[in-house]
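Novice: My questions all concern the structure below.
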Amino acid sequence: MVRLASFSLPKRNLVSVVALLLALATVEGAPKTQQRRLQMMQMMQMRPKCPKPKKKKPMTMKPRRPKTQNPVFSLEPIPVNEDDFGEPDWEAILELAFPTWAPPANGCPRLKELGGDFVEGYDVFPTPEDGKFNPCYYTKAFAGLDPKLGGYPTPIDTHYPYEFAAPFMMQPGDGSTHHCQQDAIDIGACPKLGKDCGPDCASITDNYGIGHIPPFVPLAAIKNAYNSGKHDVCADWFHFETSGCNIEKSAMDRLVYKYFGEENTIKYQPPILMDGKPSSTYFRLEYGGESPACDQENCRGPHYCSKAVADAGVIWGDFCPYVSTGEHSGLYRHPHLALAALELWIANQCMPSKCPSTWLDSPNGQEYGTNPEKATSITWCEMDNNEDPMAQPAVPYVWPTSGSGIFPGHELLYPAGKTTKQAPGVYVTEYVDAKSVNTRS
């Protein structure tokens, strides 16, 4: 008797095995040989047939979608001025956000010298237009007021997060970065928040985070980060519900620290050419210290003070006009406005239905300049000509202005009978004391 073990074989060997078994059964001579043959044949028929192997398709390599190395590729590149070391075309960016009135045919007015007469043919001022700004800019006296007066929004208006402005309590330097007591004379000598680590440096503290830094610092950081292509700008920089069309402060903090942070400080260079090359914060439109107007060490940053004003020693440089001589006369532009314009230009790409391209139509611009008693304007001093936007501060120094001319004083900026006012914004009050008595009737 032949015993069959339980095993399996490939089909090509199965027929040979069956034939061998049949042969053995026949040799045994048993009468049941025929019956066994029939059983074996039935087993063969019952075994499921192996499916024919499918023909494999030749492998084809699909082109792989490259990883997105630069999320900014979906956004427009920042316009560039090739004549300015390849820096951003700030004039074009500013014009988009803050369109200007038509300039005079010959260009902005210019003086022969500081406090002097007009250059012949350059004595015509532009005509104000609704919804636009002054193309010939000489003083920040009208900042925060109706654009028809010739000013632009202040850093408070544009929600600049590192301004840390003084409150409006009728004190010298109200609304500025200088925190003066009520009896202060030299506004420029009053402290700024976080400026205790030397020049071109700001401290980082638990109370305030990054202290006061000039707007050209975050402007450079955002420019560098945007151009690097390593940021998902729309997703990581903006959150309309909490920050509107401004870059979130937490995002701006990280960018500023990345490019300028050193331990618990922010250190930066001035926004000028250094050894003929742009500094790390270079911003040409400040036009500071041009010769020959500033050759007597009389200028204070971008402010062109006369020698008499500089020699007085107690007059805040910000009361002096911006560049008012030479070919750049009237062309100064604030870096905080360039920052606001760049933020809005990016936001308009990320959220076009919420962030229009012009600042006055943006969330920040709503009701701007409509009420001087709520304006973020600084109380001005007496000038040598209270009707001239290119005027120099009066010597001897007198603060506040009488309000008899075009420059804003307490009568314009504060409600009658009040020593403070409602001016929407974020302020630091710990350094300034309120007046104890009402000085106005």
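The values are calculated or read from the model by the stated rules, or taken from the named source; none is laboratory data. Since this is a predicted model, take the numbers as computed values, not measurements. Cβ coordinates were reconstructed from backbone atoms using ideal geometry, including for glycine residues, and neighbour counts include every protein chain displayed. Protein only, heavy atoms only, side chains kept; ligands, DNA and RNA dropped before computing areas. Shrake-Rupley method; radii C 1.70, N 1.55, O 1.52, S 1.80 Å.
Novice: If I filter the stretch 374-384 for residues that are open to solvent by 60 Å² or more (accessible area, probe 1.4 Å) and either closer than 21 Å to residue 160 by Cβ or out of contact with any Ser or Thr (no Cβ under 8 Å at 6 or more places or on another chain) (or both), do I get at least one hit?
Specialist: For the stretch 374-384, residues open to solvent by 60 Å² or more (accessible area, probe 1.4 Å) and either closer than 21 Å to residue 160 by Cβ or out of contact with any Ser or Thr (no Cβ under 8 Å at 6 or more places or on another chain) (or both): present.
Novice: Looking only at the stretch 236-265, which residues are assigned to a loop (DSSP other than H, G, I, E, B) and either surrounded by 14 or more Cβ atoms within 10 Å (Cβ to Cβ) or among the hydroxyl-bearing types (Ser, Thr, Tyr) (or both)?
Specialist: If the condition is that a residue be assigned to a loop (DSSP other than H, G, I, E, B) and either surrounded by 14 or more Cβ atoms within 10 Å (Cβ to Cβ) or among the hydroxyl-bearing types (Ser, Thr, Tyr) (or both), then 238, 239, 244, 245, 246, 247, 248 are the ones that fit.
Novice: Same structure, new question: Those residues that are at negative phi and in a loop (DSSP other than H, G, I, E, B), I need them from the stretch 189-199; list them, please.
Specialist: 190, 191, 192, 193, 195, 196, 197, 199
Novice: I need the full set of residues from the stretch 274-306 which are assigned to a strand (DSSP E or B) and either out of contact with any helix residue (DSSP H, G or I) (no Cβ under 6 Å at 6 or more places or on another chain) or of a type outside the set (Lys, Arg) (or both), in order please.
Specialist: Those that are assigned to a strand (DSSP E or B) and either out of contact with any helix residue (DSSP H, G or I) (no Cβ under 6 Å at 6 or more places or on another chain) or of a type outside the set (Lys, Arg) (or both): 274, 277, 278, 303.
Novice: Of the numbered conditions (1) farther than 21 Å from residue 309 by Cα; (2) of a type in the set (Ser, Thr, Tyr); (3) touching a Pro at 6+ places or on another chain (Cβ under 7 Å), residue 419 satisfies every one except a single condition; which is it?
Specialist: Unmet for residue 419, out of (1) farther than 21 Å from residue 309 by Cα; (2) of a type in the set (Ser, Thr, Tyr); (3) touching a Pro at 6+ places or on another chain (Cβ under 7 Å): (3).
Novice: Got a number for residues in the stretch 307-318 being part of a loop (DSSP other than H, G, I, E, B) and surrounded by fewer than 23 Cβ atoms within 10 Å (Cβ to Cβ)?
Specialist: Looking only at that region, the number is 2.
Novice: Do we find a residue being within 24 Å of residue 197 (Cα to Cα) and either open to solvent by 50 Å² or more (accessible area, probe 1.4 Å) or touching a Cys at 6+ places or on another chain (Cβ under 8 Å) (or both) anywhere in the stretch 319-342?
Specialist: At the first step, the residues of the stretch 319-342 found to be within 24 Å of residue 197 (Cα to Cα) are 335-336.
Right, trim to either open to solvent by 50 Å² or more (accessible area, probe 1.4 Å) or touching a Cys at 6+ places or on another chain (Cβ under 8 Å) (or both) and you get none.
No, the stretch 319-342 contains no residue that is within 24 Å of residue 197 (Cα to Cα) and either open to solvent by 50 Å² or more (accessible area, probe 1.4 Å) or touching a Cys at 6+ places or on another chain (Cβ under 8 Å) (or both).
Novice: A follow-up question, please. What is the number of the single condition among (1) farther than 20 Å from residue 366 by Cβ; (2) part of a loop (DSSP other than H, G, I, E, B); (3) among the small types (Gly, Ala, Ser) that residue 202 does not meet?
Specialist: If we test residue 202 against (1) farther than 20 Å from residue 366 by Cβ; (2) part of a loop (DSSP other than H, G, I, E, B); (3) among the small types (Gly, Ala, Ser), just (2) comes out false.
Novice: Another one. Among the residues of the stretch 151-168, how many are surrounded by fewer than 24 Cβ atoms within 10 Å (Cβ to Cβ) and outside any loop (DSSP other than H, G, I, E, B)?
Specialist: So the answer is 0.
Novice: When you scan the stretch 278-306, how many residues do you find that are open to solvent by 40 Å² or more (accessible area, probe 1.4 Å) and either hydrophobic (A, V, I, L, M, F, W, C) or more than 23 Å from the chain's Cα centre (by Cα) (or both)?
Specialist: The total comes to 8.
Novice: Looking at (1) at negative phi; (2) open to solvent by 20 Å² or more (accessible area, probe 1.4 Å); (3) without any contact (Cβ under 8 Å) to a residue 60 or more places away in the chain, find the lone condition where residue 213 falls short.
Specialist: Single failed check for residue 213: (2).
Novice: Could you please find all residues in the stretch 344-362 being surrounded by fewer than 17 Cβ atoms within 10 Å (Cβ to Cβ) and part of a helix (DSSP H, G or I)?
Specialist: 349, 361 - these are the residues of the stretch 344-362 that are surrounded by fewer than 17 Cβ atoms within 10 Å (Cβ to Cβ) and part of a helix (DSSP H, G or I).
Novice: What pairs come out if I take residues in the stretch 358-383 that are modelled with pLDDT under 95 and pair them with residues that are crowded, with 19+ Cβ neighbours inside 10 Å and among the polar types (S, T, N, Q) whose C-beta lies under 8 Å away, six or more apart or interchain?
Specialist: 364/158; 364/246
Novice: Those residues that are under 16 Å from residue 146 (Cα atoms) and part of a loop (DSSP other than H, G, I, E, B), I need them from the stretch 406-417; list them, please.
Specialist: Within the stretch 406-417, 406, 407, 408, 409, 414 qualify.
Novice: So which of 171, 181 ends up being of a type in the set (S, T, N, Q), open to solvent by less than 40 Å² (accessible area, probe 1.4 Å) and in a loop (DSSP other than H, G, I, E, B)?
Specialist: Testing whether each residue is of a type in the set (S, T, N, Q), open to solvent by less than 40 Å² (accessible area, probe 1.4 Å) and in a loop (DSSP other than H, G, I, E, B) leaves just 171.
Novice: If you check residue 367 against the conditions, is it open to solvent by 50 Å² or more (accessible area, probe 1.4 Å) and not in a loop (DSSP other than H, G, I, E, B)?
Specialist: Against the criterion (open to solvent by 50 Å² or more (accessible area, probe 1.4 Å) and not in a loop (DSSP other than H, G, I, E, B)), residue 367 does not qualify.
Novice: Identify, please: which residue in the stretch 135-150 is under 18 Å from residue 367 (Cβ atoms) and not charged (D, E, K, R) and is, among those, surrounded by the fewest Cβ atoms within 10 Å (Cβ to Cβ)?
Specialist: Start the filter on the stretch 135-150 by keeping residues that are under 18 Å from residue 367 (Cβ atoms), which leaves 142-149.
Next, from what is left, pick out any that are not charged (D, E, K, R): 142-145, 147, 149.
Values: 142: 24, 143: 26, 144: 27, 145: 24, 147: 22, 149: 18.
Among those residues, the one meeting the criterion is 149.
Novice: Taking residue 391 and the conditions (1) open to solvent by less than 20 Å² (accessible area, probe 1.4 Å); (2) out of contact with any Gly (no Cβ under 9 Å at 6 or more places or on another chain); (3) farther than 23 Å from residue 214 by Cβ, which numbered condition does it fall short on, given that it satisfies the others?
Specialist: (2)
Novice: Any idea which of (1) over 20 Å from residue 154 (Cα atoms); (2) free of Cβ contacts under 8 Å to residues at least 60 places away in the same chain; (3) surrounded by 15 or more Cβ atoms within 10 Å (Cβ to Cβ) is the one residue 402 doesn't satisfy?
Specialist: Of (1) over 20 Å from residue 154 (Cα atoms); (2) free of Cβ contacts under 8 Å to residues at least 60 places away in the same chain; (3) surrounded by 15 or more Cβ atoms within 10 Å (Cβ to Cβ), only one is false for residue 402: (3).
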